Amino acid sequence: MKCEEVKINLPEYIDGKLEKTDSGEIEKHLQSCTECSEIYTGLNSFLKFTDSFPEIDPPTGMKEEFMKLVDAEFGVTKERRLIFPDWLKVAAMVFIVLGTFVTGYYSGSKNKEVQKLNYELAQLKQEVMLAGLRDYSGPQKIEAVYSVKNSEVVGDQMVNALVFTMNSDKNVNVRLAAINALSEMMDKNENIKKELINSLSIQENPLLQISLIQILSESGVKEAKQKIESISQDENTNQQVRDFAKDMVKII
């Protein structure tokens, strides 16, 4: 099986929907082809994240439109057996598979087109993670939080989504996960320190207050000192939080 056939059938291979013969050929190809193996690893990792989302019916005709696009661009006429789980996965597959073809097709002569596709794929991944933060709850949302944290590029939109989750989510565990994720991303975005300090005035749960105080103090965020001192003197604040703030402000 050639690289082009392997790449176009990787989504179905990962879902275990191929016939044994085709699946065996792809597995054999992946063992000997570094490029396809790397694509498989990236796509498999990405789809594990989307597997935590509830099933959503893909827009009508999306599969057909995708196959028309591939046929028009590359003259691929052989029938493909693509099975799409939900619209997010469909979109991911479209960009990953098409992006791979175009990368090989333009190889060096049209770098701008390749860069554009890579950018669109990065944007797509971001939209998937933001959807996880916005639309779901509990373990799925916590998984989305850590997927954002591990992103190579952390833009303002992603930071704002995490900040909103930290300050507004109904689940304390989700809010705590957002706090921890933001604390590990402070070196990626300069606005995060300010948002963590501002959150001290918003959080009412003692666990979240203590977590913020500890993170800011141990990270040496001097801008937070005045706020933490204020908390240690606020009679309306939980006594344990006040005592902890009094101890931690000494190390800033």
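The values are calculated or read from the model by the stated rules, or taken from the named source; none is laboratory data. All values reported here derive from a predicted model rather than from experimental measurement. As a convention, Cβ positions derive from the backbone with ideal geometry for all residues, glycine included, and neighbour counts pool all protein chains shown. These area figures cover heavy atoms from the full protein model, side chains too; ligands, DNA and RNA do not enter into them. Shrake-Rupley method; radii C 1.70, N 1.55, O 1.52, S 1.80 Å.
Does the range 21-30 contain any residue that is modelled with pLDDT under 85, acidic (D, E) and more than 30 Å from I142 (Cβ to Cβ)? Don't jump to the end; show me each part of the working.
First pass over the range 21-30, keeping only residues modelled with pLDDT under 85: none.
Looking through the range 21-30, none of the residues is modelled with pLDDT under 85, acidic (D, E) and more than 30 Å from I142 (Cβ to Cβ).
Could you grab me the full set of residues in the range 200-234 that are assigned to a loop (DSSP other than H, G, I, E, B), touching a helix residue (DSSP H, G or I) at 6+ places or on another chain (Cβ under 8 Å) and open to solvent by 70 Å² or more (accessible area, probe 1.4 Å)?
S201, I202
Can you tell me which residue within the range 1-26, out of those that are among the acidic types (D, E) and part of a helix (DSSP H, G or I), is most open to solvent (accessible area, probe 1.4 Å)? I'd like the intermediate steps shown before the answer.
The first filter runs over the range 1-26 and keeps only residues among the acidic types (D, E), leaving 4-5, 12, 15, 19, 22, 25.
Of the ones still in play, those that are also part of a helix (DSSP H, G or I) are 4-5, 12, 22, 25.
Working: E4: 97, E5: 44, E12: 5, D22: 33, E25: 77 Å².
Filtering the range 1-26 for residues that are among the acidic types (D, E) and part of a helix (DSSP H, G or I), the one most open to solvent (accessible area, probe 1.4 Å) comes out as E4.
Right, N160: under 14 Å from K141 (Cα atoms), open to solvent by 40 Å² or more (accessible area, probe 1.4 Å) and within 23 Å of the chain's Cα centre (by Cα) or not?
No: the conditions fail for N160.
Are there any pairs, at least 6 apart or on different chains, whose C-beta atoms fall under 7 Å, with the first in the range 2-29 and touching a residue at least 60 places away in the same chain (Cβ under 8 Å) and more than 17 Å from S45 (Cβ to Cβ) and the second open to solvent by 60 Å² or more (accessible area, probe 1.4 Å) and part of a helix (DSSP H, G or I), and if so, which?
Final answer for the pair search is C3/E35.
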